[in-house]
Each structure stands twice: as C-alpha cells, then as structure tokens.
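Have a look at the structure below, then the notes.
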Amino acid sequence: MRSSPHWQALRRRVEHLPASIAESFRDGCAALESALRAVPEALADTPWRAGGWTRKQILGHMIDSAANNHQRFVRAAIDGDYTGPFYQQEAWVEAHGYTAMSWPVLLRWWQNYHELLIAVVERIPSERLDSPCRVGTNPPVTLAFLIEDYLAHQQHHLRQIQS
C-alpha cells in the first residue's frame, strides 16, 4: 500500500533511477509505439510465419509481458528482491482471446500499459537496481537487467510483427 510506513520511508529517501536508464526506457517504449502504430491493421490477423502466432497474438503477448514485468519491477523496487514464476504464455494468450479483439484496442492497451511502466521505471530507487530477481528456475539477475531485457524482449516481438 502506498500509505504503509515502509513505502513512505522509502519514498522519503529515494534516489530515483539514473536519468539515462529511465530515459532509455521511455525512449525505447516511444520507438516501439511508433513502430507498432505503423503496422497496417490488415496484417493483424496474419501469422508472422507459418504456424506462428498472428500479429494480434504477438501484441497480446507483449501486453502480457508488460503485466508480468510490472509486478516484477514494482516488487523488486519495494521489497529489494523478487521471486516469482515464469508465465505460461500460450495459456495467457489463449485466455485473453486476443484474436477476437481489434488491432486498435490492442494498440491502446499496449500504449496504456507502457505509460504505466514508464512511470514505474522512472520512480525506481537507484539503490534497488541491484536487487536480485528470480524468475522461475532461472538464476537470479538484477532489476536493472530485467528492465533492459524487457525492452529487448519487446523489440524482438516487434521484429516478428514487422516481418
């Protein structure tokens, strides 16, 4: 809770992420959004490769990734570490029914989620960048690594959508 004594104390002594990391994240999200908006809606239901997800499903997966990483970023920033599961991407994409949604709606959801993530990343205390984060059975990585890897993951899927 934002009003908890722990959170209030943390906010009083916070030194936020170095501007370069926050700026890099913000700029990366802006570039992704611009590129996603350039994708013709007519391609949205077309698989990116034979037997692959449609572009709608890929964009939905990108939204799911935002949801999962939102939890990771916030928990590591508040608690000083994070341990959580992998996410079952096939099941999540199916559960959300992204193929039945319109491309413009998916784009709005992606944009809204990334506006929230940008706000979170900009407020992460710099002292938390080295927080250990364990996802599934992977070895621990730092919160800074998770933030950078998240953008790389989004860019990977953008390339699939653009292909």
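The values are calculated or read from the model by the stated rules, or taken from the named source; none is laboratory data. As the structure is a computational prediction, the values presented were derived from the model and not from experiment. Positions of Cβ are backbone-derived with ideal geometry, glycine not excepted, and every protein chain shown enters the neighbour counts.
In the stretch 86-101, which residue that is in contact with a helix residue (DSSP H, G or I) (Cβ under 8 Å, 6 or more places away or on another chain) and of a type outside the set (A, V, I, L, M) is farthest from residue 138 (Cα to Cα)?
99
Looking at (1) surrounded by fewer than 17 Cβ atoms within 10 Å (Cβ to Cβ); (2) within 16 Å of the chain's Cα centre (by Cα); (3) modelled with pLDDT of 95 or more, which is the one condition that is false for residue 121?
(1) is the only condition that residue 121 fails.
Identify all residues within the stretch 92-136 that are hydrophobic (A, V, I, L, M, F, W, C) and more than 12 Å from residue 60 (Cα to Cα); write none if there are none.
First pass over the stretch 92-136, keeping only residues hydrophobic (A, V, I, L, M, F, W, C): 92-93, 95, 100-101, 103, 105-107, 109-110, 116-121, 124, 129, 133, 135.
Residues satisfying the conditions are 116, 117, 118, 119, 120, 121, 124, 129, 133, 135.
Quickly run through the stretch 23-66 and pick out the residues that are farther than 15 Å from residue 103 by Cβ and surrounded by fewer than 14 Cβ atoms within 10 Å (Cβ to Cβ).
23, 27, 30, 34, 49, 50, 51, 52, listed by residue number.
Got a number for residues in the stretch 128-152 being in contact (Cβ under 8 Å) with a residue 60 or more places away in the chain and exposed (fewer than 15 other Cβ atoms within 10 Å of the Cβ)?
0
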